[in-house]
Amino acid sequence: MKTRRIIATFLVFSLLLGASACKKKEKPSETTTELTTTEQTTTQPTSTTVDTVNGLYDPSNPNALNPLTGLQLMDPENEGMRSVAIVINNCYNALPQRGISEADAIYEYETEGGQTRLLALFADVNTVPEVGSLRSARVISSDLAAGTNSIFIHYGRNARVPDHLTEFGIDHVDGNNCSADSNSSANGPVVLGEGLFFWRDSTWLSLRSREHTAVSDGEHISAAIDYFNIDRVGETPLLFNFVPDNSVDIENGSPCTTLNVFFSATNDDALFTYDPEFFIYYKTQYGGEAQIDETSGNQVAVTNVIVLFADIQPHGDGTIDAYLQSGGNGLYASQGQMVPITWTKPTPNDPITIYNMDGDIVEVNRGVSYICVVDNDYESDTTYS
């Protein structure tokens with residue numbers, strides 16, 4: 001699926017750039033074959049969707065529009081269903097991860113000790129591969145999930161999270177309360193007991209600390225959603241102001257072929273490097289190591305990189321607070337260009353909206369987005385060229 005998204009994004013930009021007489025490179029023919037043979041023929045999306053997406057929908061394409069990417073690659077059966085947002089470990093001892101190359105969007109944010117975690121969003125829970133290692137919730141991750149109306153999936157939580165989830169009505173599943181001690185898909189289909197939907201991978205248990213071993217997949221997460229009577233019906237809003245043509249904001253941007261995001265002294269080199277052939281940024285971290293999905297073998301690759309500088313402060317109990325309601329400055333990179341932005345998120349349930357320097361909502365290119373939430377104090381340490 002990730003390969004399909006990269007190919008689809010490549011096709012979109014190839015056609016658009018060709019139409020505007022810009023330089024483009026020829027795509028290998030075998031990847032075109034993969035794209036055209038894997039689509040399903042099903043019912044067309046409704047006219048309501050056509051009205052909503054402002055030109056992103058192609059009526060000749062039988063697939064539905066993915067609201068997290070703006071690409072028309074989603075199973076129409078998932079239209080009108082909520083996305084899921086899954087907390088994934090990102091400390092060095094928890095690498096490699098699983099499932100991250102298939103996500104429709106990824107948030108990365110700081111937790112305690114300068115470590116970062118990921119929140120991987122999937123528009124269709126049925127497409128979630130085995131994913132992990134799963135980690136515990138923080139208020140910031142619950143708020144990022146709530147802003148997309150996603151069902152929040154986590155494995156444990158800190159003490160302040162339960163009251164916050166209740167106060168703002170954030171639907172969630174805590175895998176720590178419904179997990180088997182060990183299992184492994186490498187040994188065949190995973191069979192869990194009644195009321196269990198997560199497990200600790202038996203292979204990982206032999207290689208890393210226990211807290212870095214929790215996993216699940218779309219089949220079991222979907223079953224958990226039903227088991228806990230969570231309503232999965234509900235629109236997932238468009239993640240950003242996606243545009244069918246090249247973003248005007250990006251066309252007027254500054255060159256950005258490398259973007260190094262400084263989260264903390266612990267994680268100071270989240271580096272995105274642009275590939276002009278496929279119009280994507282590849283991610284490395286921890287001394288230049290490629291961020292690899294263990295299952296697919298693919299490196300994390302995205303169309304858009306968005307950096308949101310935020311007011312992040314110590315809470316006093318060893319944890320931190322991110323005051324997302326304060327908004328802030330930021331950066332938006334795509335197609336080898338970058339523009340400065342500002343952003344807002346007034347309440348936990350509000351989406352993040354990004355603006356250009358004229359105060360207009362930024363046009364965002366279709367494709368997978370990687371959104372970094374970074375302490376204001378490190379704005380000058382985040383660099384690009």
Q. What number of residues in the stretch 61-88 are crowded, with 24+ Cβ neighbours inside 10 Å, at pLDDT 95 or above and in a strand (DSSP E or B)?
A. 5
Q: Select the helices (runs of 4 or more DSSP H) contained entirely in the stretch 175-263, then report the ones holding at least 3 residues which are modelled with pLDDT of 95 or more.
A: 218-227
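Could you identify the single residue in Leu119, Leu144 that is assigned to a strand (DSSP E or B), within 30 Å of Ala301 (Cα to Cα) and assigned by TED's automatic domain parsing to the domain that holds Ala105?
Working: Leu144 fails: assigned to a strand (DSSP E or B).
Going through Leu119, Leu144 in turn, just one is assigned to a strand (DSSP E or B), within 30 Å of Ala301 (Cα to Cα) and assigned by TED's automatic domain parsing to the domain that holds Ala105: Leu119.
Taking the criterion of being outside the structural domain of Ser133 (by TED's automatic domain parsing), among the acidic types (Asp, Glu) and more than 20 Å from Ala94 (Cβ to Cβ), would at least one residue in the stretch 214-222 satisfy it?
Narrowing the stretch 214-222 to residues outside the structural domain of Ser133 (by TED's automatic domain parsing): none.
No, there is no match, as no residue in the stretch 214-222 is outside the structural domain of Ser133 (by TED's automatic domain parsing), among the acidic types (Asp, Glu) and more than 20 Å from Ala94 (Cβ to Cβ).
For the stretch 277-295, how many residues meet the condition of being part of a loop (DSSP other than H, G, I, E, B), within 22 Å of Val128 (Cβ to Cβ) and either at pLDDT 95 or above or charged (D, E, K, R) (or both)? Don't jump to the end; show me each part of the working.
So in the stretch 277-295, the residues part of a loop (DSSP other than H, G, I, E, B) come out as 277-279, 286-288, 291, 294-295.
Filter once more, keeping what is within 22 Å of Val128 (Cβ to Cβ): 291, 294-295.
With either at pLDDT 95 or above or charged (D, E, K, R) (or both) added as a condition, the list becomes 291, 294.
Total meeting the criteria: 2.
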Q. Going through the stretch 269-292 one residue at a time, which ones are charged (D, E, K, R) and buried (at least 18 other Cβ atoms within 10 Å of the Cβ)?
A. Lys283
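The values are calculated or read from the model by the stated rules, or taken from the named source; none is laboratory data. What you see is a predicted model; the values in this text were computed from it and never measured. Methodologically, a virtual Cβ is constructed for each residue, glycine included, from the backbone with ideal geometry; neighbour enumeration extends over all protein chains shown.
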